[in-house]
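Heads up, the thing below is written out as structure tokens.
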Amino acid sequence: MKRLVILISIYLLSSIFVYCQIPHNFFVKNYGQWPSNVLFASFQKNLTFFATNEGLFFDYFKTQNHEGRFIKSGSIIKFKIDGAKFSNIIEKGISSWKLNFFYGNNPSNWKKEIRGAEQIIIPNILDKIDLVLTSSPDVRYDFVVHPGGNPQQIKINIEGATIVKCSEKEIILKTSFGVVIHRNLLVFQKNGNEATPIEASFKIIDNHTFGFIVSNYDKSKDLIIDPLVLSTLIGGSNAEEIVDICEPVQGTIIVTGWTESPNFSTTTGAYSRTFSGGKDIFISKFNVKGSARELVFSTFLGGAENDSPVNVQVDQNSNIYIGATTNSNDLPLVNAISKSSYGLNDAYICKLNSDCNEIIFSTYFGGSKDDFLTSVKLSGDNGIYLCGYTNSNDLPTTGGAYQDKLKGKYDIFFAKLSNTGQTIRTCTYIGGIEDDFAYDMCVTPSEYIYIGGATKSNDFPAFPVKIWYYGSYEYVFESPFDRTYNGNFDGVVIKILGSSGALEYASFFGGLADDFVTAVGYFGADEKVVFAGKTYKEPSVTTFPLSQTAYQNTIKGQAETFVASLSNIVITTQYNYTYKSQNLVFSTFLGGSGDDIPTAVTFNKSTQTFYLVGYTNSTNFPIVNNPGAKKQQKNDIYFVSMLNDGSAITYSNIIGGNNDDIPTALFLNYAGDYYIVGSTNSTNFPIVNPIIGISGESLPDAFILKNVDATIRFEAPFANDKFCPEANVTVKWGVDGMTQPDSFDIEIMPESTSQWMLVASNVKGVSKTITLPKDITGKVWIRVSHPKGLIATIAGPIIIQEPPKLVSFYPSENNIELCEGDSIYFFVEATGDGLRYQWYYDGTPISNATDSILVLKNLTTSNSGKYKVGISGTCPPLVESPEISLTVIPETKITNQSMDTIVKEGKELSLFVQSKGQNLKYQWYKNDIKLLGETRPNFNIQSVSRFDEGYYYCIVEGTCGRDTSRKIFVSIDTNITKVEEMLNNNCFSAKVIDKTLYIWLRCHYDDNPIGIYIYNILGENVITEELPLHLPEQVFKFDLTKLPVGIYLLNIRSKDSVCNIPFFLQ
């Protein structure tokens, strides 16, 4: 599927200033800190931008200092997109910082830990059309038209401004504040590695409305964007510049440069953490593999004056080599050739161990005057090649030197030190009677050494030169490409054979104007030279050497870049004569209408293209296959990929901000990825996946860029997908421009920690099922990274839902005792998503008990048992509370007692109460007077008298209350005589003797059983007995000792008769 992308940039033509505490170049979501109609806001130096439900608001303003007071003036422009729907907004490029808004004195209105986003996407703002808002370096709005979408739908109504001018690519709006320009309309699609521009223009509908006219475009293919995977600033309180970079192993980079900042970032254990003054060298190592962006070590290296490094090199043992020019006479010296500086400016070479905390050797190199080192490279045996220029006439030249004396004002010098740094293997001058400068050097695998520079000497020693003159005839047997000085400054290219130190060739290169070779490299199986430099327009005829297939054959501006290659020396034989010659492989100009200055060139073997880096202020620098690139301001970085014959550009890009951005070095790693380093004065230099905590406080700052010709797209899961801890989540991503198999790392970042954590490494393929951590909940971001430094991050966080967790449980006691009739409530506090509750009684679920509170009212003993609650949620596990044992104690209650009774004087009185309850205590009373010592459930008087007559009762007290018996009236009978025989007839007789009932049967009852029943005064049956059939004559006894004193009824029943006999039991 292919999408149509419409890009528009916005510029304000006005002098502007704003002071704001909210970070620039980010969108900040509204969580209630602003009016409710605001969705997002972005704060720029000249602009406050709001995205609202009503449209886009651009608040352009400036502040002026009037008598010590800042006065703000400006104008607000509103863009209303007809038919727009602002919903399902996606944030991308989430910031590492957080904002807090403390408005007013009500904490509920305070908004905390709000992050920013570099980009917001409003999908389907119109049917099948997305709106993409980007905040850096300026607010930009892009429309992405999906298949089925119609760009003619896009109509933007303007309030607060009037359209005063319109062209195909530009609209000028007039406001009360000034003029606002919407320009750089760019409509394009991508097909494979090529970007296809689409013809388009602005369309004016009326004075306040515009849209777009788009030519035919392919509606079926996808859009691919090549990312910048790393862009970071390094610095302190003053100026910095990185001059070189290397990547000894993938993902580990070492940079060197100079700093004027005492607070430049250094690390514990570094060789020096103390700024020495002037300009100090810094050496810093970073881990940028995958998603890592961390400082490994950083150190100062310097003296009291100015120390400016030129290169950093690393040998196979990870030792680090630094070359520099210095006028400090107090630099550290270890195993040095010389123990002191030589002249005004000297070369300085230092070898440090791999941790950069110890110097292995360091030395000055030079003569009694100025010696400027411009390049340091390592040889195959870890010897050290040096080149530069000098006006010292006493360099330590060696035997066999090509030139052992200074000839002019400044001469080029070339030298080689041993791998210990204590022996000078080679040292020679190369130059003529005027100024000769060396700017760059490279060493090939075969140890061909190429030096690029410039000369003003008409006698510069071109080599080899062998000419035989015969009369007016000139027979050239040996010659470099150009052996003749062309005037002004001429470029020079020198080749030295590292194995012998012999000069193979030295050639002029240029025209009648000034020419400087500022960068050298090599390419091809024969390792021939490629070089770049700057040249100027010649006064009349162009004499600058160009190839017929040159990409550009005219100079368009002032200082123009050129790129060229010369063959190695070609040896031929003819007529027994040996000839040496050199050919132009290619040569081309490159640039626009301004100044275009190259700083580095290298060759990508895998693509067979040259990579060229420099800086330009040309507004029309050639941009190829990159419609999104655009000139920023002043000097910007340019990057160009060019065919190896100089005939065409395959890709080019412009990178920069609102001020000067100057690259100093280019490093191409084995994988084809490249780094660019330098310095910037731009306040809005593009930052991508930066190294945190090392950016400077003032400009210029050093920068590091890394570009990878590949992409990762995050595909699954989706933002706001919900999972449980320990859930298996399949992470998917898409890739372009990578060979298979590739390995990837997967990381997650919980919002609670804001720290990325690795969950899977060295993943092969484009998907991986990961297990989410057990102890993380809430919003979690996911990203996939590649060792190249590519990072693909989910558009928004997933949600890891919180499992049930018991916070507190009431009551806290494990065993509880309550009384009958009491009430109790159980309460559980828990956290988690989708909580559900179930209460249990003795392990059985309680019906309808599904709340966090369980209330039991009017307890009975049947409520005694064990209680607990089970808590479940959206995610496992089931959590149970502690089990509580509830014991319901019966209430204190009298269940039985003596009845009113008559006792024969002199007989025993026995009263009782029967009670239930716990920890019972008894107290008997007579006529409401406590009977001391009568604290048992039974009350006895062995022999009553008439004085014992009265009302008796008992009070029972227990754990759960008290109860009072009914009053018992005791009557003392002084008249009743003892009746021994109660009944006597022909069949049976009965008698009570000493609380024993005797019954004599005299008759036979073969089929007529006898029932014996005794009832108390309440009518309660206290004894029941059925006598067996066919009984012989015998006596039956019934024990009455357990019966209290009182009046009873004996009931004797047979089939034919019933006999009731009352009797008094004493």
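Summary table below
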quantity	calculated
Those residues of region 938-954 which are within 29 Å of THR861 (Cβ to Cβ) and surrounded by 17 or more Cβ atoms within 10 Å (Cβ to Cβ), in sequence order	PHE939, TYR953, CYS954
Filtered residues of region 369-407 (kept if surrounded by 23 or more Cβ atoms within 10 Å (Cβ to Cβ) and either among the aromatic types (Phe, Trp, Tyr) or free of Cβ contacts under 8 Å to residues at least 40 places away in the same chain (or both))	TYR385, TYR389, THR390, LEU395
Sole exception among (1) in a strand (DSSP E or B); (2) in contact (Cβ under 8 Å) with a residue 60 or more places away in the chain for ASN626, by number	(1)
Residue within region 85-100 that is within 20 Å of ILE158 (Cα to Cα) and modelled with pLDDT under 80 present	no
Failed item, numbered, when MET441 is tested on (1) in a loop (DSSP other than H, G, I, E, B); (2) hydrophobic (A, V, I, L, M, F, W, C); (3) modelled with pLDDT of 95 or more	(1)
One residue from ASP994, ASP973 being closer than 27 Å to ASP948 by Cα and modelled with pLDDT of 80 or more	ASP973
Flag for VAL731 being of a type in the set (A, V, I, L, M), at pLDDT 90 or above and closer than 29 Å to SER231 by Cα	yes
Within region 326-361, tally of residues that are touching a residue at least 24 places away in the same chain (Cβ under 8 Å) and farther than 19 Å from SER272 by Cβ	9
Residue count, region 773-784 (criterion: under 30 Å from PHE286 (Cβ atoms) and over 12 Å from the mean Cα position of the chain (by Cα))	2
Residues satisfying the stated conditions in region 821-852, i.e. without any contact (Cβ under 8 Å) to a residue 24 or more places away in the chain and either of a type outside the set (A, V, I, L, M) or part of a strand (DSSP E or B) (or both)	GLU829, GLY843, THR844, PRO845, SER847, ASN848, THR850, ASP851
Wholly enclosed strands (runs of 3 or more DSSP E) of region 636-701 bearing at least 1 residues touching a strand residue (DSSP E or B) at 6+ places or on another chain (Cβ under 6 Å) and without any contact (Cβ under 8 Å) to a residue 40 or more places away in the chain	636-643, 649-655
Breaking point among (1) hydrophobic (A, V, I, L, M, F, W, C); (2) within 17 Å of PHE723 (Cα to Cα); (3) outside the structural domain of LEU854 (by TED's automatic domain parsing), for LEU835	(3)
Residues within region 266-288 that are modelled with pLDDT of 90 or more and part of a loop (DSSP other than H, G, I, E, B), tallied	12
Strands (runs of 3 or more DSSP E) fully within region 722-788 counting 3 or more residues that are touching a strand residue (DSSP E or B) at 6+ places or on another chain (Cβ under 7 Å), of a type in the set (A, V, I, L, M, F, W, C) and within 21 Å of SER95 (Cα to Cα)	743-750, 778-785
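Okay, residues lined up against (1) crowded, with 22+ Cβ neighbours inside 10 Å; (2) among the hydrophobic types (A, V, I, L, M, F, W, C):
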site	(1), (2)
ALA564	yes, yes
ILE571	no, yes
TYR575	no, no
VAL585	no, yes
ALA600	yes, yes
GLN608	no, no
VAL613	yes, yes
THR616	yes, no
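To keep it simple, each residue is scored yes or no on (1) farther than 29 Å from SER761 by Cα; (2) out of contact with any Phe, Trp or Tyr (no Cβ under 6 Å at 6 or more places or on another chain); (3) in a strand (DSSP E or B).
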residue: LEU233; (1), (2), (3): no, no, yes
residue: ASN238; (1), (2), (3): yes, yes, no
residue: ILE245; (1), (2), (3): no, no, yes
residue: THR256; (1), (2), (3): yes, yes, yes
residue: VAL312; (1), (2), (3): yes, yes, yes
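The values are calculated or read from the model by the stated rules, or taken from the named source; none is laboratory data. Keep in mind the model is a prediction, meaning the values are calculated, not measured. Note: ideal-geometry Cβ built from the backbone for every residue, glycine included; neighbour counts use all protein chains shown.
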